[in-house]
Structures are given as structure tokens and as C-alpha cells.
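The values are calculated or read from the model by the stated rules, or taken from the named source; none is laboratory data. Worth saying up front: this structure is predicted, and the values here are computed from it rather than measured. Counting neighbours? That spans all protein chains shown, and the Cβs are built from the backbone with ideal geometry, glycine included.
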Amino acid sequence: MAEGGRLVNRGSNSFTGTGTVEFWSFWVKNLRLIGWGGQSNSDAYAPEIMRELIELAEAGRLRPVVGGAYPLAEASAAHAAIKERKPIGKVVLVR
């Protein structure tokens, strides 16, 4: 991430383990890591977080992580990759 950047993680479909964060790079580059579980967050924080995410999206400052792009004719391969949990990010079907 660029200096002063933010990484927002909005929930997870199946992650139940633990992760390790190397905080040195966060400290040196003044980065923010924001985890949001949606309904698991209290009502006090959810509107603020959503407002910020909407503002970032409207400003074109959110970049989705694309884990794979497949031609529409290869939709079955895209589904197989998702089922096998191979991609990291979104899977996109293109014409």
C-alpha cells in the first residue's frame, strides 16, 4: 500500500483461522487496517464505516482485488476455481 493507505476487509466467507500481521510496515508507512464484520459491529460504528466506504467508492479510490478474469465461455472454469478456493479476490466473467 502507498504511504498513508488503508486496507479495509469486509467480512469473510470461510476464514476461521488466525493471521499474522507484520506491524513494522504499518508503522513506517502510517497504514491503517480496518476490519469490518458487518452485523457483528455495533450499530454505533456501522453507519460511519459505510459512509466512509461509500465516499471512497464515489471518489474512485477503492480498487477491488481481482483474483481472475475468465471469458464467459469459460464460466465453468471460473466456478471450479471459486469452489476450490484458488482465487484471492473477486472472479470476473468477461465477454
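Of the residues in the range 10-33, not one is within 17 Å of the chain's Cα centre (by Cα), closer than 23 Å to Val91 by Cα and modelled with pLDDT of 70 or more. Evaluated against (1) modelled with pLDDT under 80; (2) assigned to a loop (DSSP other than H, G, I, E, B); (3) surrounded by 10 or more Cβ atoms within 10 Å (Cβ to Cβ), Met1 falls short on exactly one condition, (1).
Within the range 45-95, the set of residues being part of a strand (DSSP E or B) and over 26 Å from Ala2 (Cα atoms) comprises Tyr70, Pro71, Leu93, Val94.
Pairs linking a residue in the range 83-95 that is under 19 Å from Arg63 (Cβ atoms) to a residue that is part of a loop (DSSP other than H, G, I, E, B), with Cβ atoms under 6 Å and 6 or more positions apart or on different chains, are Gly89/Val65; Lys90/Pro64.
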